[in-house]
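Notes follow the structure.
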Amino acid sequence: MDTDTTEASTDHPDQSAFGPVGVIGAGAMGAGIAQVAATAGHAVTLVDSMPGAAAAAVDRIGVALRRLVDKGRLSDDDASAVLARITPAASVEELPECGLVIEAVPEDLDLKRRIFADLADVQPSTTVLATNTSSIDIDDIAAEVADPERVLGLHFFNPPPVMRLVEVVHGERTARAFVEHAVALMDAWGKTPVRCSSTPGFIVNRVARPFYGEAQRIVESGVADAATVDWALRERGGFPMGPLELTDFIGQDVNLAVGTSVWEQTARDERYAPTAYQQGLVEAGRLGRKTGSGVYAYAADGSITDAEPDVELAERLVGGPVATDPLARTLAMLVNEAVDLVARGEASVDDVDTAMQLGTRYPKGPIAWGREIGFDVVARQITELDQAFPGGRYRPSPALTDGSMT
Ligand SMILES: NC(=O)c1ccc[n+]([C@@H]2O[C@H](COP(=O)([O-])OP(=O)(O)OC[C@H]3O[C@@H](n4cnc5c(N)ncnc54)[C@H](O)[C@@H]3O)[C@@H](O)[C@H]2O)c1
């Protein structure tokens, strides 16, 4: 992934009128979000409860800004000004009155709930209280906040200074005015906000599930090996990475945890059930690149050592029966998932397509892709998959055939 595209501060209007921004948690995401907010002109207070962690994060931001200066993307003066706008702190009580506070502490509901209750106590009722959670329901996080209409999700992608997409997530009790306010602010920060409701996995982590799941199932069934499936998705689908190499890149444990969370939150819907294949990798400690082996084995320089695609086989499978066609099968399930999300009113067509292109670098939005393939064709393919693999995983969304997508 290209990490050289960070926007420079001079691209943004001065946001200081909006007021200071608080960021809680100075880990990978919090530090990146603090950098983005300060780059957009805000005074930022970066809070971490671990002694020294917030100051260390400010140092890391300084190094990141220096790299931008070295590449000619930021002037020396701007880098110094951005860094000077960030103040480390150790508790939420040290925050000034903020226009927005973004929480980015570990993914633990009790911890987040406590932090939101504390924030609601110390911040004025006009302050937007946002969480960067990837998977927890916004209303659950807001449970102990007296005025939950100001609580919403701002789901940044990693690394926040590089990734343009932000999912602006509303809970059942979030007021529209706060959502629109957050959307406008993300626009002003140079981000591309998309709106969605607090549904398991939001847009990206929900719609992407079959990208991994179908590939794993095809390998599990012995139809083709991982390198051949990845080749088909890359070379015939135009995806920047095949699904199996991507799970090695993300980390099998991380990818399995996200999938399992969506599965649990959908009452263990078969559509999101984890595969024995991936569980086996995790149990064996084959977590991907970070452990030197996962789906593939890696040399010290990061290259894959043990995999050659069977191109002839891939060519034969693509365009054949959908049950053994890695590309058609994956696309059908991606389109179905995206259409279903829209049909349930969780997000708009444009927001789903934008989110999948920016959040996962799919070559096309899944709904636009479905329109190209034909929604009726997709519905038939899913029905065929259901016949080949009964059990409830393959259920065509009624919206594929009721005319609502055309
Ligand atoms: N890492 C990612 O790729 C990614 C992407 C999108 C969203 N998220 C979400 O962002 C959040 C943070 O993830 P991360 O990867 O940055 O985690 P992290 O573990 O890197 O950082 C969390 C930080 O929070 C601090 N912290 C813990 N308890 C605290 C408290 N009570 N008050 C203040 N600080 C506290 C920790 O000391 C740590 O520095 C999670 O909800 C995660 O799901 C992560």
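Read the figures in this text as sums done on the coordinates, not as results from a lab. Note that the structure is a prediction, hence the values are computed from the model and not measured. Positions of Cβ are backbone-derived with ideal geometry, glycine not excepted, and every protein chain shown enters the neighbour counts.
Rounded to the nearest 10 degrees, the inclination of helix 28-39 to the longest alpha-carbon principal axis of the chain is 60 degrees.
Mean projection of the Cα convex hull over all viewing directions, computed for the range 265-363: 9.1 nm². Of Pro274, Pro321, Pro51, which is the most mobile in a GNM of the chain whose springs link Cα atoms less than 10 angstrom apart? The residue that fluctuates most here is Pro51. Our summary of shape: the Cα atoms of the range 48-166 have principal axis extents of 46, 29, 26 Å, ordered from largest down, in whole angstrom. Normalised Debye scattering of the range 206-400 at q = 0.09, 0.18 Å⁻¹ gives log10 I(q)/I(0) of -0.31, -1.32, counting only Cα atoms as equal scatterers and leaving out solvent. Computed from Cα positions, the angle between helix 375-388 and the longest principal axis of the chain comes to roughly 60 degrees.
Peptides 134-144, 282-292: what's the order by average Cβ count within 10 Å, highest mean first? Intermediate results must be reported in sequence, preceding the final value.
Values: 134-144: 18.7, 282-292: 16.5.
In descending order of packing, they fall as 134-144, 282-292.
Placing R0 at 35 angstrom, the Cβ-Cβ distance between Asp70 and Asp110 gives a FRET efficiency of 0.25 after rounding to 0.05. Report, in degrees rounded to the nearest 10, the 0 to 90 angle that the Cα long axis of helix 252-265 makes with the longest principal axis of the chain. The answer is roughly 90 degrees. Computed from the alpha carbon atoms alone, the convex hull of the chain holds 145 Å³ per residue.
Just want to confirm a number: the relative contact order over the chain, from Cα pairs under 8 angstrom separated by 6+ residues, in percent. Write out the running numbers ahead of the final one.
Numbers: 741 pairs, mean separation 48.6, N = 406.
This gives 12 percent for the chain.
Taking the Cα centre of each part, how many Å lie between the range 260-281 and the range 367-406? So the separation of the two Cα centres works out to 21 Å. Placing unit charges on each Cβ (+1 for Lys and Arg, -1 for Asp and Glu) gives the chain a dipole about its Cα centre, and among Pro366, Leu83, Gly32 the Cα reaching farthest toward its positive end belongs to Pro366. Computed over the range 312-406, the percent of Cα pairs more than 17 Å apart is 49.
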